[in-house]
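Below is one structure; the comments refer to it alone.
The values are calculated or read from the model by the stated rules, or taken from the named source; none is laboratory data. Predicted, not measured: the structure shown is a model, and the values here were computed from it. All Cβ positions, glycine included, derive from the backbone under ideal geometry; neighbour counts span all protein chains shown. Note: areas computed on protein heavy atoms with side chains; ligands, DNA, RNA excluded. Shrake-Rupley method; radii C 1.70, N 1.55, O 1.52, S 1.80 Å.
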Amino acid sequence: MSGAPAGPRPASAETNLLLVPPQARTGWRVLPARVVAMCVVELQKLRHDRTELYTRAVQPALWLLIFGETFTRIKAIPTGGIPYIDYLAPGIIAQSAMFIAIFYGIMIIWERDAGILTKLLVTPTPRAALISGKAFASGVKALIQAVVVIVIAAALGVGLTWNPLRLLGVAVAVVLGSAFFSCLSMTVAGIVLTRDRLMGIGQAITMPLFFASNALYPVAIMPGWLQVVSRVNPLSYQVDALRGLLLGTPAHLALDFGVLLVAAVLGIVAASSLLGRLAR
């Protein structure tokens, strides 16, 4: 039997799909996934070494036990009718979160010296995703620290709320504040380029930021010039939000979260713009 040679079989739709490679997502479409990936990488470091969490719990405990208990007895600072230790607790949560975040630039300088940062920058990951991942990882670290401070405060009899929605708001405020201060640290790292200089600048700005906020005392009793500084200090807005959510005191939550969000975004933009300079 003879027959005509079989012609080429028509390509099916399935075959065409296999022949056409999927287009890779580029640009800002990959940003959320890359941010999550970088955040997970940062938190894996914490899983391997938890010493930092334990040692950083000592300072807030001392603030509450010594400073808080003493000033509660002498009633030297007007707090609107609540015990001073209650007034102080949200400020110590914000302080401990800031202290974790403000030296985050040292880590990125170490990554540069180890050659890790250069390898990250040649990947398709946007620089904003690298910075955002590190910023929100510092926020998660600060959140763990906040839980420790809340437990200590509750053990000391501080009247905190346990409303789940309010606690969720507390978590958001802690993460946004830490994201800003970690980005501030990474921005300074991109300017000074060395660990020693960054350490000196970090030590020089942490306590002024803390004392120029409403963490320890109301803004109303500050000198006029310090009130101006406090009103442009993101830490004041973070403390105000935490105090309103945890204690139920009057607060400007919309303004507080708006300022924290804008500060975090501006911090990410600034740190991302200087990341290339740091890697040279």
- Of all residues making up the range 252-275, the number that are more than 15 Å from the chain's Cα centre (by Cα) and under 15 Å from Val174 (Cβ atoms): 2
- Being of a type in the set (A, V, I, L, M), over 30 Å from Pro83 (Cα atoms), surrounded by 13 or more Cβ atoms within 10 Å (Cβ to Cβ) and more than 18 Å from the chain's Cα centre (by Cα), is that true of even one residue in the range 200-210? yes
- Any residue at all in the range 182-204 that is among the charged types (D, E, K, R) and closer than 19 Å to Ser96 by Cα? no
- Message: Give me the residue from the range 85-103 that is of a type in the set (Phe, Trp, Tyr) and more than 17 Å from Gly248 (Cα to Cα) and, out of that set, modelled with the lowest pLDDT.
- Response: Phe103
- Here are some conditions: (1) at pLDDT below 90; (2) open to solvent by 20 Å² or more (accessible area, probe 1.4 Å). Pro223 meets all but one. Which one does it not meet? (1)
- Is it the case that Ala128 is of a type in the set (Gly, Ala, Ser), open to solvent by less than 20 Å² (accessible area, probe 1.4 Å), closer than 16 Å to Leu275 by Cβ and in contact with a helix residue (DSSP H, G or I) (Cβ under 7 Å, 6 or more places away or on another chain)? yes
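Each row is one residue, and each column tells you yes or no for (1) surrounded by 15 or more Cβ atoms within 10 Å (Cβ to Cβ); (2) over 17 Å from Tyr87 (Cα atoms).
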position: Ala241; (1), (2): yes, no
position: Thr249; (1), (2): yes, no
position: Ala254; (1), (2): no, yes
position: Phe257; (1), (2): yes, yes
position: Leu261; (1), (2): no, yes
position: Gly267; (1), (2): yes, yes
position: Ala271; (1), (2): yes, yes
position: Leu274; (1), (2): yes, yes
position: Arg277; (1), (2): no, yes
- Task: Could you grab me the full set of residues in the range 76-122 that are farther than 21 Å from Cys183 by Cα and of a type in the set (Ser, Thr, Tyr)?
- Result: Thr79, Tyr84, Tyr87
- Quick one: which of Ser178, Ser182 is within 17 Å of Leu278 (Cβ to Cβ) and at pLDDT 85 or above? Ser182
- Message: Could you check the range 163-175 and list, in sequence order, the residues that are farther than 25 Å from Ser272 by Cα and either open to solvent by less than 10 Å² (accessible area, probe 1.4 Å) or touching a Lys or Arg at 6+ places or on another chain (Cβ under 8 Å) (or both)?
- Response: Val170
- Residues of the range 214-236 satisfying the condition of being under 13 Å from Ile93 (Cα atoms) and touching a residue at least 40 places away in the same chain (Cβ under 8 Å): Asn214, Ala215, Leu216, Leu235
- Just checking, how many residues over the range 84-112 are farther than 22 Å from Ala61 by Cβ, in contact (Cβ under 8 Å) with a residue 24 or more places away in the chain, of a type outside the set (Val, Ile, Thr) and surrounded by fewer than 23 Cβ atoms within 10 Å (Cβ to Cβ)? 3
- Okay, helices (runs of 4 or more DSSP H) sitting entirely in the range 72-157 with 3 or more residues that are over 19 Å from the mean Cα position of the chain (by Cα), under 23 Å from Leu266 (Cβ atoms) and of a type in the set (A, V, I, L, M), I get 116-121
- Task: Please name all residue pairs, on different chains or six or more residues apart, with Cβ atoms under 6 Å, provided the first residue is in the range 58-81 and is within 11 Å of Leu156 (Cβ to Cβ) and open to solvent by less than 80 Å² (accessible area, probe 1.4 Å) and the second residue is aromatic (Phe, Trp, Tyr) and part of a helix (DSSP H, G or I).
- Result: Thr72/Tyr84
